[in-house]
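Here is the structure we will look at, set down as structure tokens.
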Amino acid sequence: MPAVAARSSRPATVGLLALQGDFDMHRQVVQNLGRTAYEVRTVHDLAHVDCLIMPGGESTTMRKLMRLGGLFGAIPQFAKSHPIMATCAGLILLSRGIEGAPLEETLGLIDCTVSRNAYGRQYHSFRQSGRVRLPEGETEFEMVFIRAPQIVRIGGSVEIHGSLGDEPTLIRQGNILAMTFHPELSGDGRIHEFFLSQMV
Ligand code: GLN
């Protein structure tokens, strides 16, 4: 028999950045879609996963914990060959910069600028139907905003995949999909499904 390496048919393992924030709800969506989830807290954990979901939470705290586990340095390297889906605080950390806060360091993996807490405080959280572009076409999606950021600038290589009125809320740059809202809280797995089936 010729020594031809069999292509792995192992199903993808979905990494959940599990330092802080809403990672457990993402796990439920991932498992409901029949995928295996794996909690990522350290650089070592990244070696076990095929993609990464960065949840919402509190970006300053998440940044500190990412530094402690070495992930702040490792994620840009990981992103060169693995897809990432980021929500809310995750998007803030992946952006090029935070409006009005030049000293708050970000990973700069998506060419956009965000404004933190742009809709107000926790109390001003809301859900509203927006539009998203999925493989089946343009459709409505219930968007949950919790102390959400706004995307105030996007670069030329960023595609807009979803919006609320005129504001972009779901963007993609290469193998990174990021959104200002929480798709794990709307009981609608279509954005996760898009990420896992089309990008991973
Ligand atoms: N306001 C939070 C921050 O700036 C993000 C909120 C969220 O992830 N739901 O980090």
Tell me which of 137, 194, 52 sits at the most positive position along the dipole axis of the chain, charges placed on C-beta atoms (Lys, Arg +1; Asp, Glu -1).
52
Sequence-separation-based contact order of the chain, relative, with Cα cut under 8 Å and 6+ spacing, percent:
18 percent
Given the rule -39500 (n - 2.57) for each run of at least 4 DSSP H residues, summed and divided by the residues of the chain, what is its mean residue ellipticity at 222 nm, to the nearest 500 deg cm²/dmol?
-5500 deg cm²/dmol
Modelling each spin label as a point 7 Å along the Cα-to-Cβ direction, I'd like the residue 10/residue 118 distance in nm, to one decimal.
4.0 nm
Fluctuation leader among 84, 53, 160 - the chain, Gaussian network, Cα springs under 10 angstrom:
160
Compute the signed sum of charges (Lys and Arg +1, Asp and Glu -1) over the other residues within less than 14 Å, Cβ to Cβ, of residue 126.
+1
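Where the accessible area of the chain is counted over protein heavy atoms with a 1.4 Å probe, how much of it, in %, is carbon and sulfur?
Numbers: 4810 of 9540 Å².
Of all accessible area on the chain, carbon and sulfur atoms account for 50 percent.
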With every protein chain kept in place and a 1.4 Å probe, the residues 169, 13 fall, from largest accessible area down, as 13, 169
Cα centre as origin, Lys/Arg/Asp/Glu Cβ charges: the range 40-142 dipole, Debye:
320 debye
Any idea of the accessible area per residue across the chain, 1.4 Å probe, to the nearest Å²?
48 Å²
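Placing +1 at every Lys and Arg Cβ and -1 at every Asp and Glu Cβ, with all other atoms neutral, what dipole size does the chain have around its Cα centre, in debye to the nearest 20? List each step's numbers first, then the result.
Details: 19 positive and 20 negative charges, 90 e Å.
The dipole magnitude comes to about 440 debye.
The values are calculated or read from the model by the stated rules, or taken from the named source; none is laboratory data. Computed from a predicted model, the values in this text were never measured in an experiment. Neighbour counts are summed over all protein chains in view; Cβ atoms, including those assigned to glycine, are modelled from backbone coordinates with ideal geometry. Each accessible area value is taken on the protein alone, full model and side chains, heavy atoms only, with ligands, DNA and RNA left out. Shrake-Rupley method; radii C 1.70, N 1.55, O 1.52, S 1.80 Å.
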